[in-house]
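This is the structure I have questions about; it appears just below.
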Amino acid sequence: MRPAIAVTIGDPAGIGPEIALKAALDPRVGEICRPLLFGDRGVLETHAAACRLKPRIEGFSRAAQARWADGAVALIERRQFRPGELQIGTIAAPNGEAALDSAKAAIDAALAGEVDAVVAAPQTESSIKLAGIDFDGYPTFVARCSSVPPEDAFLMICFDARGREMRIAHVTLHISLRRAIRLITRDRVLHAIRSTDSVLRRMGLTGPRIAVSGLNPHAGEGGLFGEEEQNIIGPAIGDAKRNGVVAEGPFGADTLFLKEGYDAYVVMVHDQGHIMAKSHAFTGTAALTIGTPVLFSSVAHGSALDIAGKNRADPGAMFSAIRRLAGASSPG
């Protein structure tokens, strides 16, 4: 049976509802999974009308009750807005609350075994902040929802670059460089490498190979430009090898992605991975949370408030995320 993939509609004022609808209506998506949207029906209907889409929406209260019919979009209804309350393209606290409410409901469904994986449309962090919610990205949010220590969750971005499937995991993410450097410990680097190996195997790769970056220029150049590679990163790679993980490095971050033959790359800080992704696949990148029991991916682009409701949003990253998780969660 095709896996059931929860698709949250993200920020209701952004392009999330549009790309979620477009993905659910795409025959290619229906061939590989059973998509199940999570969000407010009125929001979806508002975006559908604005974008001249004409979906037939079948609503359900729980994922376990969902049924899929040809030509219909299955929706787990979350009551988040009164009729006429939503204003497309705006930053507002209710929008932030709604985005995370849909995500939390989808994660709960995955934890209950009612869906096989979750894909989230983009959120707007300014709206979440206005709502007074502590949020620093989906990896820690998924961790908290699934009772995993936030420090044990990591982000892997996935995209295609010149015919190569690129997967880049990050030891640290949305924090200052000063704080990131303090967080780069031997245990944390080891955990990121092992989590990367685990999710690659879950995605069907046998004996995956992982390349690990350094932190400093030229991976420290033997201690000339820093000692983190010698004292922290290199020893963590050695620990991973002793645990049966095929990991190599540390390599200079400026040449890391020129090294072929690896199934994934582990980098130390946000920009070491995101510059590569946004240079090669700005609209085609998916973000995968690893280190938690839930297969959870979000698109790596923003909510694009300026084009919301104008039928200009490209669902390519959403389709890529769904395709990747449908493969990872399929039986056999």
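So how far, in whole Å, is the C-alpha centre of segment 190-252 from the one of segment 88-122?
33 Å
Determine, from the Cβ-Cβ distance of ARG202 and ARG28 and an R0 of 22 Å, the FRET efficiency 1/(1 + (r/R0)^6), rounded to the nearest 0.05.
Computed FRET efficiency for ARG202 and ARG28: 0.45.
Rounded to the nearest 500 deg cm²/dmol, what is the calculated helix-only ellipticity per residue at 222 nm for the chain, with -39500 (n - 2.57) per DSSP H run of length n ≥ 4?
That calculation yields -10500 deg cm²/dmol at 222 nm.
Something else: Report the antiparallel proportion of the DSSP beta bridges in the chain as a percent, rounded to a multiple of 5.
Within the chain, antiparallel bridges account for around 35 percent of the total.
For SER298, what residues show an amide H to amide H distance below 5 Å, using hydrogens built from the backbone and excluding near sequence neighbours?
Amide H to amide H, under 5 Å and 5 or more residues apart or across chains, SER298 pairs with ALA120, ALA287, LEU288, THR289.
Whole number in Å², please: accessible area per residue of the chain, 1.4 Å probe, ligands, DNA and RNA not counted.
Accessible surface, normalised per residue, equals 43 Å².
Here is a follow-up. Pulled fully out, how much extra length does the chain show between ALA49 and ASN243, if you take 0.36 nm times their separation in residues and subtract their Cα-Cα distance?
Taking 0.36 nm per residue and subtracting the Cα distance, the gain is 64.5 nm.
Going by amide H atoms built from the backbone, whose H comes under 5 Å of the H on HIS174, apart from near neighbours?
Amide H to amide H, under 5 Å and 5 or more residues apart or across chains, HIS174 pairs with nothing.
Averaging sequence separations of C-alpha pairs under 8 Å and six or more residues apart, then dividing by the length of the chain, give the relative contact order as a whole percent.
Contact order relative to length: 24 percent.
Among ILE193, LEU173, ALA211, flag the residue with its Cα farthest along the positive direction of the charge dipole of segment 163-212, charges on Cβ as +1 for Lys/Arg and -1 for Asp/Glu.
Result: LEU173, furthest along the dipole toward the positive end.
Tell me which of VAL148, ALA120, CYS51 sits at the most positive position along the dipole axis of segment 1-158, charges placed on C-beta atoms (Lys, Arg +1; Asp, Glu -1).
Going by the Cα projections, it comes out as CYS51.
Enumerate the amide H contacts of VAL73 below 5 Å, restricted to partners 5 or more residues apart or on another chain; note that Pro and chain-start residues carry no placed amide H.
ARG56, ILE57, GLU58
Ranked from the most accessible area to the least, with a 1.4 Å probe and all protein chains present, what is the order of LYS129, LYS310?
Largest accessible area first, the residues go LYS129, LYS310.
If you filter segment 182-271 for GluC sites (Glu not before Pro), then keep DSSP loop positions with at most 16 other Cβ within 10 Å, what is left?
GLU227, GLU260
If you roll a 1.4 angstrom probe over the protein chains with everything in place, what fraction of the accessible area of segment 245-304 belongs to carbon and sulfur, to the nearest %?
55 percent
Same structure again: Would you mind getting me the FRET efficiency between ILE175 and ASP70? Use the beta-carbon distance for r and R0 = 51 Å, nearest 0.05.
Efficiency, from the Cβ-Cβ distance: 0.65.
Report the label-to-label distance for GLU227 and PHE60 in nanometres (one decimal), using points 7 Å from each Cα along the Cα→Cβ vector.
5.8 nm
To the nearest 0.05, what FRET efficiency results for ILE307 and ASP187 with a Förster distance of 41 Å applied to their C-beta separation?
0.45
Shifting gears a bit: Note the angle between two axes, namely the Cα long axis of helix 93-111 and the longest principal axis of the Cα atoms of the chain, as a number of degrees from 0 to 90, rounded to the nearest 10.
For helix 93-111, the angle is close to 70 degrees.
Which one of ILE290, ILE88, ILE181 has the biggest mean-square fluctuation once the chain is modelled by GNM with Cα springs under 10 Å?
Evaluated over the chain, the most mobile residue of the options is ILE181.
Shifting gears a bit: Using 0.36 nm times the number of residues separating ARG82 and LYS259, minus their current alpha carbon distance, what extension gain do you get?
Result for the pair: 58.4 nm of gain on full extension.
Something else about it: How much of the accessible area of segment 122-211, in percent, comes from carbon and sulfur atoms when a 1.4 Å probe is used?
Of all accessible area on segment 122-211, carbon and sulfur atoms account for 48 percent.
If you don't mind, there's one more thing I want to ask. Among LYS278/LYS310; LYS22/LYS104; LYS104/LYS241; LYS241/LYS278, which pairs are too far apart, with a Cα-Cα distance over 28 Å?
Long pairs (Cα-Cα over 28 Å): LYS104/LYS241; LYS241/LYS278.
The values are calculated or read from the model by the stated rules, or taken from the named source; none is laboratory data. Given the structure is predicted, the values throughout are model-derived calculations rather than measurements. Reconstructed Cβ throughout: ideal geometry from the backbone, glycine too, with neighbour counts over all protein chains shown. Protein only, heavy atoms only, side chains kept; ligands, DNA and RNA dropped before computing areas. Shrake-Rupley method; radii C 1.70, N 1.55, O 1.52, S 1.80 Å.
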